[in-house]
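Worksheet: one structure, shown below.
The values are calculated or read from the model by the stated rules, or taken from the named source; none is laboratory data. These numbers were taken from a predicted model, which means no experiment stands behind them. A quick note on method: Cβ atoms are made from the backbone with ideal geometry, for glycine too, and the neighbour counts reach across all protein chains shown.
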Amino acid sequence: MRQVSDSSAAQKVCRILKILSTPLPLRLTDIASGSGVNKATALRLLEEMMEEGFVHRDQLTKRYFLGEEAITLGLATQGRDHIRDRARPALLRLADMCGDTVLLSTRSGCEAVCIDREFGSFPIRANYLDLGMRRPLGVGAGSMALLAWLPDEEIDTVLQLNQAVNTQKYPLMTIPLIKQEVARSRERGYSMLLEVVVAQMGGVGVPVFGRDGRPYAALSVAALKDRISDRKEFLVAELQKVARELANHPAPSLMPASMANETHNT
């Protein structure tokens with residue numbers, strides 16, 4: 001993250017709004033820490049955004065959350081060709097089919113953002129990732145799917161920038177482990193993480209590629225680790241089918257090289 005002194009006022013406002021794009025109201029300390037803006041400046045900007053209706057403060061808890069004007073900006077994007085709208089029917093079908101939690105994520109800088117979620121019928125739900133929540137790229141199956149198919153140099157930069165956050169919040173997700181999982185994901189054609197982010201839980205994910213061949217979204221299923229490992233072939237096949245439908249161009253790299261060769265030979 002750039003130093004505060006290198007950031008313009010507009011950049012600071014954008015960073016604060018990004019931090020606030022979570023379902024949970026936040027303390028001033030959390031906002032300042034997450035945005036990289038010192039508390040005095042963050043407080044001043046929050047007060048100005050409150051005057052304009054972009055931020056609201058709960059008078060009892062003294063915590064901040066997005067205001068009506070920020071919500072209006074989100075509503076203004078409706079009707080565009082957004083992957084969340086196109087993927088919604090597929091998420092419903094996938095959740096009904098597998099019985100577990102299905103997630104749709106997109107990239108925002110060095111983070112993955114959960115932009116949609118659908119629960120299945122299985123009573124033990126993976127409800128630890130809510131709409132709008134962010135994770136460093138590589139932390140979680142969907143987040144790993146967004147990272148693994150980026151150029152190696154870009155991956156190295158992302159991991160260096162995220163190292164401090166990962167060390168503090170996700171100590172198991174070291175740079176060597178993430179790089180190992182990147183290689184495995186590329187080889188298999190999907191990402192799978194078991195019990196490294198949340199105890200007893202796991203996930204499997206696939207990228208959705210854009211016209212430039214880069215992943216711009218990811219589909220994933222989160223569940224108890226045994227429900228993932230015991231049904232990974234079924235889950236991967238269904239996720240890849242939807243990912244191909246959502247992609248803006250055919251993406252043969254969704255398949256491992258061995259699978260692509262078999263398809264070509266037949």
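Some points to look at:
- Options D130, D96; residue that is over 22 Å from V196 (Cβ atoms), out of contact with any helix residue (DSSP H, G or I) (no Cβ under 7 Å at 6 or more places or on another chain), assigned by TED's automatic domain parsing to the domain that holds V204 and acidic (D, E): D96
- Set side by side, the residues K18, K39 differ, and just one is more than 30 Å from F234 (Cβ to Cβ) and within 18 Å of the chain's Cα centre (by Cα), which is K18.
- Of the residues in the stretch 171-189, none is within 29 Å of P23 (Cα to Cα), touching a residue at least 12 places away in the same chain (Cβ under 8 Å) and not aliphatic (A, V, I, L, M).
- Within the stretch 98-116, restricting attention to residues that are modelled with pLDDT under 95 and outside any strand (DSSP E or B), the residue that is surrounded by the fewest Cβ atoms within 10 Å (Cβ to Cβ) is G109.
Let's see how each residue does on (1) assigned to a helix (DSSP H, G or I); (2) of a type in the set (G, A, S); (3) not assigned by TED's automatic domain parsing to the domain that holds P171:
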residue	(1), (2), (3)
V204	no, no, no
P207	no, no, no
D212	no, no, no
A218	no, yes, no
D226	yes, no, no
L235	yes, no, no
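- Scanning the stretch 163-195 for residues that are aliphatic (A, V, I, L, M) and surrounded by 19 or more Cβ atoms within 10 Å (Cβ to Cβ) yields a count of 5.
- Just one residue in the set S185, S143, S121 is in contact with a Gly (Cβ under 7 Å, 6 or more places away or on another chain) and among the polar types (S, T, N, Q); that residue is S121.
- Restricting attention to the stretch 117-173, the residues that are in contact with a Pro (Cβ under 9 Å, 6 or more places away or on another chain), part of a loop (DSSP other than H, G, I, E, B) and at pLDDT 95 or above total 2.
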